[in-house]
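A quick write-up on the structure given underneath.
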Amino acid sequence: MNLQSKHASLSQRIGLGILNGLAGLFVLLIVGSIQGVKSIQLGLIPTKLFGVSVSMVSTMIMVTSIITLTISPLAGFLSDLFGRRKFVLIGLAVTLLGVILLTTSRTYIIFLISTLTIALGTALALSPATALFLESGWFIWITGTLLAFINLTESLSSTLATTLAGRFSYSFSDLKITGFILIGIVITFSLLVIGLYWGSISLSKRCTWSGIWLKPQRGKLFNLIVPVMLLAYFFSFASSGIYRSFSSLYYSSLLGISAVNIASTFLAFSIASMIAGFISGPVGDLFNWLSIKHLHRQAGYLVIVLLGMLIFLAGYILLPLLGRSPLIGIILVGAGIGLYSTSLRALVIVNISHRWWGVIVGGLTSISIAANMSARLLGGIFVESFGIQRLFTPAIIILVISILLTLVIMVLSFLPSGKLVTPPPVDQEKQGKSLEFINQS
């Protein structure tokens with residue numbers, strides 16, 4: 001067979017991208033909605049309906065985090081090997097089972113099983129769905145933009161679901177109503193995902209994806225730069241985790257800010273982070289394209305990462321100085337987190353072959369969860385030892401470490417051996433074999 005006759009046309013590439021992209025967005029809407037409801041339910045339902053102690057609730061939350069931390073990279077790795085669509089659909093089926101159990105919960109044991117089942121299902125589906133969504137961009141140049149859409153979709157769906165869940169008083173009838181709403185969301189979007197994946201599989205059988213992948217351009221220092229990137233990612237999320245975990249305590253106990261005003265500050269933080277994260281995607285893509293074209297270096301995302309961390313640091317420094325009017329500092333903190341988090345993820349992903357994006361996405365999820373867990377532990381010890389007024393000291397120290405690591409990455413990238421190596425011409429016959437992997441996914 002002449003492989004040239006099966007090469008994907010531009011319209012076929014766009015069609016496949018739209019089908020996989022929409023399916024990924026629907027999965028993200030499901031996960032974001034469930035996470036938004038869980039953020040309210042896990043804190044209120046066990047104590048109010050089942051009389052469970054706060055320590056047991058904390059343990060349950062910790063267990064769900066551990067499930068996500070361990071399952072996400074494993075699911076990503078296995079989906080890279082055996083097919084991402086399969087794992088997405090398996091994850092959605094497990095999630096639906098968990099939501100059904102949640103709806104019928106009348107004892108704490110059933111509620112606990114349903115919560116852990118939902119955590120398992122979302123962990124199974126999220127990494128492969130995100131990898132498929134990133135593939136929908138076809139070319140590596142818009143990775144940041146796609147990640148920005150992922151963040152925006154999850155944030156909006158989670159915020160709306162949290163608002164909806166907060167309107168219930170959490171009687172058993174309210175729990176059933178919440179469960180039925182989630183069942184409707186999961187079933188509706190899952191059917192759409194199945195239809196879209198079926199369409200993308202049918203279309204991919206008509207052509208190969210030959211010639212559409214831009215292979216990662218790596219300098220000779222690639223094996224050294226990537227671990228430093230991951231360390232910077234860990235420390236930056238640990239620093240933001242300290243703020244997220246203890247800022248409400250800081251505002252209420254030390255500054256005497258009312259609960260209503262604290263809610264307003266978190267809203268300002270979320271909006272600033274959401275807007276900055278969305279903007280950083282396309283801007284980072286543009287800067288990275290320009291730096292590769294003119295400097296032959298992966299420097300564009302690094303600039304955005306460093307800028308975001310510096311803005312974040314400025315917000316940290318300002319917050320104690322602003323006293324009872326911390327709005328400017330909060331906006332800077334949120335904007336800084338939004339800028340660097342999207343671009344740092346894009347920087348890691350574009351340096352890895354698309355075939356392993358599932359495990360990379362899952363690994364980054366695990367790193368962020370581990371960083372937040374470490375931040376809560378470290379922040380708790382520090383607050384107990386030195387008082388809430390010194391809250392920002394460890395956060396600033398950890399953030400400075402991540403800034404220094406980012407500078408190290410930038411220096412390594414601009415060394416002669418950090419220059420990007422242009423990929424060799426692609427063998428069309430070898431690329432024709434990509435059809436087997438694409439159909440399997």
#### Entry: Extension reserve of the Asn223-Gln389 stretch, reckoned as 0.36 nm per residue once the Cα distance is removed
55.7 nm
## Note on the structure
Unit-weight point scatterers at every alpha-carbon of the stretch 37-131, Debye formula, q = 0.10, 0.11 1/Å: log10 I(q)/I(0) is -0.28, -0.33
### Message
At R0 = 60 Å, how high is the FRET efficiency between Ile381 and Trp198 if r is their beta carbon distance? Nearest 0.05 is fine.
### Response
0.70
### Task
Determine, from the Cβ-Cβ distance of Ser55 and Val400 and an R0 of 35 Å, the FRET efficiency 1/(1 + (r/R0)^6), rounded to the nearest 0.05.
0.55
### Task
Subtract the Cα-Cα distance of Leu286 and Leu415 from 0.36 nm times their separation in residues, and report this length gain in nm to one decimal.
44.2 nm
### Task
Answer rounded, prolate or oblate for the stretch 277-386, using the Cα gyration tensor with square roots of eigenvalues a ≥ b ≥ c: rounded when a/c is under 1.5, else prolate when a/b is larger than b/c, else oblate.
oblate
### Message
When a/c reaches 1.5 or more, the comparison of a/b and b/c decides; with that in mind, is the stretch 76-162 rounded, prolate or oblate per its Cα gyration tensor?
### Response
oblate
### Query
Per Stokes-Einstein, at 10 °C and 1.306 mPa s, what whole-number D in µm² s⁻¹ belongs to the stretch 277-330, with the Kirkwood radius over Cα pairs as the hydrodynamic radius?
127
### Message
Please rank Glu154, Glu135, Glu384, fewest neighbouring Cβ atoms within 10 Å first, as an exposure proxy.
### Response
Glu384, Glu154, Glu135
### Task
Any chance you could run the full-extension gain for Leu81 through Leu295? It's 0.36 nm times the residue separation minus the Cα-Cα distance, nm to one decimal.
73.5 nm
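Every read-out reported here was derived from the displayed coordinates using simple, explicitly stated rules and does not represent laboratory data. Please read these numbers as outputs of a predicted model, since none were measured by experiment. Every residue, glycine among them, receives a Cβ derived from its backbone with ideal geometry; neighbour counts consider all protein chains shown.
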